[in-house]
Amino acid sequence: MNTTLTAPQRVLDESTSQDTLTTTLQLNAPRTALLDRIALRIALKLLLWSTRPPDHAHAVDRALRNRELRREREQRELRWELQRHFTSI
């Protein structure tokens, strides 16, 4: 793996102060506009919201209700069968 840097590097010497470098960097990288920052923040919130884990509470409630309804139906059918069987004798 080649780890050598091929681009020319900035050499710090005594004549270059930290303030000069900071000013140069600030001039080279302008601040992002307020509207762009707001749009990016909204986009990030929407992205995080859209990838949230699903809420399984409704599915669990529906499954429990279906099981209860099925049990009630089976009990009604059993009572009906027993009643039909004993009334026909």
* When the Karplus curve 6.51 cos²θ - 1.76 cosθ + 1.60 is applied with θ = phi - 60°, which whole-Hz ³J(HN,Hα) does each residue of region 49-61 get, with x for Gly and Pro? -> 5, 6, 9, 5, x, x, 8, 8, 4, 5, 5, 5, 4
* Modelled label-to-label distance, TRP49 and THR87, 7 Å Cα→beta-carbon offset: nm? -> 5.8
* Counting only protein heavy atoms, what percent of the accessible surface of region 41-89 is carbon or sulfur at a 1.4 Å probe? -> 59
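The values are calculated or read from the model by the stated rules, or taken from the named source; none is laboratory data. None of these values were measured; they are calculated from a predicted model. Note: ideal-geometry Cβ built from the backbone for every residue, glycine included; neighbour counts use all protein chains shown. All accessible areas refer to the heavy atoms of the entire protein, side chains included, with ligands and DNA or RNA removed. Shrake-Rupley method; radii C 1.70, N 1.55, O 1.52, S 1.80 Å.
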